[in-house]
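Participant: Supplied in structure tokens, the structure appears directly below.
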Amino acid sequence: MNLFKLSWKYLTFRPLSTGLNVFLLALGLAIITVLLLIQDQFEKKMNQDAAGIDLVVGAKGSPLQLILAGVYHIDFPTGNIPMEEAQKLSRNRLVKNIIPMALGDNYLGFRIVGTNHDYPALYEAQLHSGVLWAKPFEVVLGAEVAEKAGYSVGDEFVGSHGISVGSHEHDANKFKVVGVLNRKGNVLDRLILTSVESIWYTHDEGSEVDVEDSTANHQEHQQMSLSDSVAVKGFPKTSESRDLTTLLIQYRNPMAAIQLPRLINSGTSMQAASPSFEMSRLFELLGVGITLLQGLAVVIIGISGLGIFIALFNSLKERKYDLAILRAIGASRAQLLLLIFLEGIMLTFMGAILGILLGHSFLSVIISQNEQGVVASLQPWVFLKQELWIVVYALVVGVLASVIPAFAAYQTSIAKQLTKA
Amino acid sequence: MLFESKNIEYKHPGQQKLIFPDISLEAGESLLVLGKSGSGKTTLLNLLAGLLNPETGEIKLLGKNLASLKGQELDLFRGKEIGIVFQKPHLLAALNVQENLQMAHFFGKKKGQNIKDLLGELGLATKAKSSVLTLSEGEAQRVSIARALANSPKLILADEPTSSLDDENTEKVINLLKTQAAKIGAALIIVTHDQRVKAHIPNFVEVKAA
């Protein structure tokens, strides 16, 4: 028998009251845990996905939308830009590297991105199996796509038009899987990479089949394009005037950060947006919501603290005899003080542990409900250092809630208590 | 002299001063404290246990003056050397019988008597693991006696231990207290107005309201 065990006995002697208080506290702490996890992983992810990209160029529209579509592949693209203009930009001496991208198709909701080999290189992506694409209609799958679709090297599938599920299918051309990327926990996991040419031809075939309705002609055309090799660096070669969707740009020097966006925004029909600037703007907007949720969590924790205080105080009234008896058999005032504090602390410690587990479980439920969004790539069972602070906060609540009851226990007069009978 | 009290006076706020008779006991001796209700019997018991401080006079156990012990020292001394049986059993409801007795060992910081043997001697061997809420009144009172004896104290104080018991249980409880006190060489003081107890212990002092 010791004080720990005695406190524990008293807590388990009132399972309902103890359970309710623990649960209420856990609920508040769970909200804080979820917020912490989301905030931490979102920011890390957002920064990781935007690493190495100084500027995104696309059709005029909302700059935030351009970033979300071009870098994170979560929003709709703003529109198309002519390739000549893009090529003109690539000759600018402020541009170190430029990666062209053509968007517009999906497979099972995973976006098909037409680009060159610089794009996977930007994220230092490694192949899990196979090789990178070299011919039209050859694709490389992100790890998550391969897992969800169950495809490996050699499989074929048909893409559908648009960037969300349910549009019409480009059944004329089959994409052939030539490689699968290793999982790195970044945006590439959810993408299907191919050449810009593949995207162009897909849409050519579609319209040609519709217009000409000639199988023979169509076959010829396809075979011709399939035998070509595609551009793995720079822009695809073409004699026709073609469109791209977005360009990812790396600056050559810091001067570019000042000059290039202005040059593009005022001098061309395109717009330029900086990922870091737009994301900090987005977090600022989201910040209001996060602050509100945090406030709510603090209120819940406050209420649970009050609940613990009331529970301890009420139980103390019933237990004044017990405390007097303990004094009579040799317990000191300090031991009784400790006993009450221990109860409050054990209660909140349980709440903290339950809250953290609850928070992680909430997150894993949220993630399992969102199979494709950015949320899907969050890790629910990653534990952060800040979660230790949650435990500390909880224990502070426990100590605060027990101060008055513990002091009352300290002051209990044994003789008075025992003779009241 | 194992236990001695001299010239004790105590005054409850707003009431008349109480003057108590002197007591001196050797090991194994028993004494009844008799008096009408309201005469200050329980106050005397609280004073002897060191739960209250007398205004004048001194109480000595094992040669130590209780008034000279402060705070934690007094609590520990009480836990080790004084066993108290209250009018009501006041067992800790959250614990079972055995754990209730273990608390005495823990707070008294003393090994004392083997709990199993003690419960056996008091006819409670089968109740060791029972919740104290399932005990009958007589059983509960015996457990509270076991708790008072657990640390082999040198002084056993009992406050109306038989007031809510029937004749049979009264006899049991008094015999238990007497034999146990004799066995561990403790002085026994029973505060009571119960006539049935007088038959067992001839030695007595009377407390009278002044």
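The values are calculated or read from the model by the stated rules, or taken from the named source; none is laboratory data. Everything quoted here is computed from the prediction, not taken from an experiment. Reconstructed Cβ throughout: ideal geometry from the backbone, glycine too, with neighbour counts over all protein chains shown. Side chains are part of the model used for accessible areas, which takes the heavy atoms of the whole protein and leaves out ligands, DNA and RNA. Shrake-Rupley method; radii C 1.70, N 1.55, O 1.52, S 1.80 Å.
Participant: Using the Karplus curve 6.51 cos²θ - 1.76 cosθ + 1.60 with θ = phi - 60°, what ³J(HN,Hα) values do you get for each residue of the range A:75-87, in whole Hz, with x for Gly and Pro?
Facilitator: Running phi through 6.51 cos²θ - 1.76 cosθ + 1.60 with θ = phi - 60° gives 10, 7, x, 6, x, 9, 10, x, 5, 4, 4, 5, 5 Hz.
Participant: I'd like to check one number: the per residue accessible area of the range A:263-421, probe 1.4 Å, reported in Å² as a whole number.
Facilitator: In whole numbers, the range A:263-421 has 49 Å² accessible per residue.
Participant: With Cβ to Cβ distances under 13 Å as the rule, what net charge do the other residues near B:Asp117 carry (K, R +1; D, E -1)?
Facilitator: Taking every Cβ under 13 Å from that of B:Asp117, the sum is +2.
Participant: How high is the relative contact order of chain A, in percent, with contacts defined as C-alpha pairs under 8 Å that are six or more residues apart?
Facilitator: 27 percent
Participant: Give me the angle, in degrees from 0 to 90, between the Cα long axis of helix A:333-369 and the longest principal axis of the Cα atoms of chain A, rounded to the nearest 10.
Facilitator: It is inclined by approximately 20 degrees.
Participant: While we're here: Once Rh for the range A:253-401 is found with the Kirkwood sum over Cα pairs, what is the Stokes-Einstein diffusion coefficient at 10 °C and 1.306 mPa s, in µm²/s?
Facilitator: Using the Kirkwood radius from Cα pairs, D works out to 78 µm²/s.
Participant: Beyond 31 Å, how much of the Cα-Cα pair distribution for the protein assembly as shown remains, as a whole percent?
Facilitator: 65 percent
Participant: Ignoring ligands, DNA and RNA, what percent of the 1.4 Å accessible area of the protein assembly as shown is carbon and sulfur?
Facilitator: Carbon and sulfur atoms account for 57 percent of the accessible area of the protein assembly as shown.
Participant: So, one more: Separation of the range A:276-294 and the range A:58-105 by C-alpha centroid, Å?
Facilitator: The range A:276-294 and the range A:58-105 have Cα centres separated by 25 Å.
Participant: Which whole-angstrom value gives the distance between the alpha carbon centres of the range B:159-210 and the range B:91-112?
Facilitator: Cα centroid to Cα centroid, the span is 24 Å.
Participant: Another question, if that's okay. Let's test the formula: R0 of 56 Å, r as the Cβ-Cβ distance of A:Lys416 and A:Val288. What FRET efficiency results, to the nearest 0.05?
Facilitator: Calculated transfer efficiency: 0.50.
Participant: Let me ask something additional. Using Cα-Cα distances under 8 Å and only pairs 6 or more residues apart, what relative contact order does the range A:55-273 have, in percent?
Facilitator: Across the range A:55-273, relative contact order equals 35 percent.
Participant: Something else now. Computed FRET efficiency, Cβ-Cβ of B:Glu206 and A:Ile353, R0 56 Å: what is it to the nearest 0.05?
Facilitator: 0.40
Participant: What residues qualify as long-range amide H neighbours of A:Gln379, i.e. H under 5 Å apart, gap of 5 or more or another chain, H built at 1.01 Å from N?
Facilitator: When sequence neighbours closer than 5 places are left aside, there are no close amide H contacts.
Participant: Find the sum over both chains of the accessible area lost when B and A are paired, probe 1.4 Å, and report it in Å² to the nearest 100.
Facilitator: Answer for the B-A pair: about 2400 Å² buried.
Participant: Kindly write out, for the range B:6-18 in residue order, the coupling ³J(HN,Hα) from the Karplus curve 6.51 cos²θ - 1.76 cosθ + 1.60 (θ = phi - 60°), rounded to whole Hz, with x marking Gly and Pro.
Facilitator: Per residue, the Karplus-derived 3J(HN,Hα) values read 9, 6, 7, 10, 8, 10, 6, x, x, 10, 6, 5, 9 Hz.
Participant: Once amide H atoms are placed 1.01 Å from N in the peptide plane, what residues at a sequence separation of 5 or more from A:Thr78, or on another chain, have their amide H within under 5 Å of its amide H?
Facilitator: Those lying under 5 Å, H to H, from A:Thr78 are A:Ala59.
Participant: Report for the range B:3-206 the percent antiparallel among DSSP-assigned beta bridges with both residues inside it, nearest 5.
Facilitator: 45 percent
Participant: Assuming a ≥ b ≥ c are the square roots of the Cα gyration tensor eigenvalues, decide whether the range B:1-67 counts as rounded (a/c under 1.5), prolate (otherwise, with a/b larger than b/c) or oblate.
Facilitator: oblate
Participant: Further, regarding this structure: Can you give the angle from 0 to 90° between the axis of helix A:386-411 and the longest principal axis of chain A, with both taken from C-alpha atoms, to the nearest 10?
Facilitator: Helix A:386-411 and the main axis of chain A meet at about 10 degrees.
Participant: In the protein assembly as shown, what percentage of the DSSP-assigned beta bridges are antiparallel, given to the nearest 5?
Facilitator: That works out to approximately 65 percent antiparallel.
Participant: If I stretch the segment between B:Lys70 and B:Asp166 completely, what's the gain in nm (0.36 nm per residue apart, minus their alpha carbon distance), one decimal?
Facilitator: 30.6 nm
Participant: Per the Debye formula with a single identical scatterer at each Cα and no solvent contribution, what log10 I(q)/I(0) holds for the range A:86-143 at q = 0.14, 0.23 Å⁻¹?
Facilitator: Result of the Debye calculation: -0.49, -1.08.
Participant: Could you give me the ³J(HN,Hα) list for the range A:17-29, computed from phi with Karplus coefficients 6.51, -1.76, 1.60 and θ = phi - 60°, whole Hz, x at Gly and Pro?
Facilitator: Values per residue, Gly and Pro as x: 4, 4, x, 4, 5, 4, 5, 4, 4, 4, 4, x, 5 Hz.
Participant: Any chance you could get the radius of gyration and Dmax over the Cα atoms of the range A:55-273, in Å?
Facilitator: Cα radius of gyration and Dmax of the range A:55-273 are 17.1, 55 Å respectively.
Participant: Let me ask something else. If you average 1/r over every pair of different alpha-carbon atoms in the range B:3-206 and take one over that average, what Kirkwood value in Å do you get?
Facilitator: Every distinct Cα pair counted, the radius reaches 17.2 Å.
Participant: Related question: Given labels modelled 7 Å from the Cα in the Cβ direction, how far is it in nm from A:Asn370 to B:Asn7?
Facilitator: 8.4 nm
Participant: Can you give the charge dipole size of the protein assembly as shown about its Cα centre, rounded to the nearest 20 debye, using +1 on the beta carbon of Lys and Arg and -1 on the beta carbon of Asp and Glu?
Facilitator: That gives a dipole near 4160 debye.
Participant: Seen from all sides and averaged, what is the projected area of the convex hull of the Cα atoms in the range A:45-117, in nm²?
Facilitator: If you wrap the Cα atoms of the range A:45-117 in a convex hull and average its projections, you get 5.5 nm².
Participant: Another question, if that's okay. Quote the FRET efficiency, to the nearest 0.05, computed for A:Ile258 versus A:Ser152 with a Förster distance R0 of 45 Å and r equal to the Cβ-Cβ distance.
Facilitator: 0.45
Participant: Can you tell me the length gained on complete extension of the stretch A:Ser276 to A:Gln48, counting 0.36 nm per residue apart and subtracting the Cα distance?
Facilitator: 81.0 nm
Participant: With chain A treated as a Gaussian network of Cα nodes joined by springs under 10 Å, which of A:Leu323, A:Leu37, A:Leu193 yields the largest mean-square fluctuation?
Facilitator: A:Leu323
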